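First up is the structure itself, then whatever we jot down about it.
Values quoted throughout were computed directly from the atomic coordinates according to the rules given, and no laboratory measurement underlies them. Everything quoted here is computed from the prediction, not taken from an experiment.
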Amino acid sequence: METLPTRVRHALSGNAGRSDLHDSPWVTLAYLVFVFVPLFFSPMGGQRAVLASLVAVAVFLPMHFRFHRRDAAGRAWLPPAVALVGFALVPFNPGGNTFLVYAGAMCGWAYPARRAVAVTALLLALLALEFWFVMPAGYALGWSLMSALLTSLVLAGALFARDKARRDAELRLTQDEVGRLAALAERERIGRDLHDLLGHTLSVIALKSELAGRLVERDAAAARAQIADVEAVARQALAQVREAVVGIRAAGLQAELAAARLALLSAEVRLDQRLAPVELAPAAESALAMAVREAVTNVLRHAAATRVEVELSVAGGELRLAISDDGRGGVLRPGNGLAGMQERLAEVGGRLEIDSPPGGGTRLLVRLPAAALEGPAP
């Protein structure tokens, strides 16, 4: 079985040539214009410089697109190869340092962080040495410093983007793991509930049916009594199954809050929660869980918030769930989602209050009667 870090590495390597580079390979080609800009100002210009630059770009392009297609293990040789293109062009055109910038970005994606920094530093040192030999002394220092600054910034950006991609992959896998464990726990709970509910009941029905079969010839009245008992037990079991189905369909509030925390985290929204230690009736817990889900969905879609607070408390003989955010506010009337939330709350005797001043965030207050509690309030 794969561990989470292993799956994260697989997720990153599987997408490294696509979304993890966050820029389209076609978009980043726009920076090739800086290969030709120095030709308008450098004394090294001329037809040979233009021809050499065009050849360098032609050699670079296949490696550029190959880097965006290959997995991490298959592209480790590409950053030095791209740097070599730049080294070969510098004697004709100082704009060859542009390929060192590309090589620095590739190092950030192809190597571990320390190795990426070390390889990039070595390439920049070689570039500075080359500038020293092929350019006038007054130009060499300036070109070397400019190349070092640009390449270092691009390398830092690549390392940051790679780390963010890794954390996003971890978050996606964690969400999947939470969902899998929640589904497993739910299946186990359903199995236990059905066994406890139907095991004894079906055994009673089987025994009474067998007894009624034996009595039908000798004592018809007693047989009818046993059959009546079977009918009563079956009806009682049917009512219990219906109650159990409500519980099975009910989403757990804690599970919904865990899913909400992960969803908000992926949008860089902080979730704080304070929950009173109460036992909730299944129907009430399902209504509260759906309220949390709808509220979080609205925050992610519309609120532009940075913080969400959820508080569950018992006060004034009723159960209260407050969901607040620090977003833009301005909810003038309930939409379809909030209207559906109000309908579900009404089914369990609850109501919804909305406070959403423009620019002041939104606060949803769910009120449920004391009957929503399965035990005495603390």
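Using all Cα-Cα distances in region 253-372, what percent lands in each 10 angstrom bin from 0 up to the longest?
Cα pair-distance distribution for region 253-372, in percent: 14, 49, 32, 4.
Mind checking the full-extension length gain between ASP355 and GLU343? Use 0.36 nm per residue of separation minus the Cα-Cα distance, one decimal, nm. Please report the intermediate quantities before stating the final value.
On the way: separation 12, 0.36 × 12 = 4.32 nm, distance 1.83 nm.
Working it through step by step, the gained length comes to 2.5 nm.
When the Karplus curve 6.51 cos²θ - 1.76 cosθ + 1.60 is applied with θ = phi - 60°, which whole-Hz ³J(HN,Hα) does each residue of region 89-104 get, with x for Gly and Pro?
Result, rounded to whole Hz: 7, 3, x, 9, 8, x, x, x, 5, 4, 5, 5, 5, 4, 4, x.
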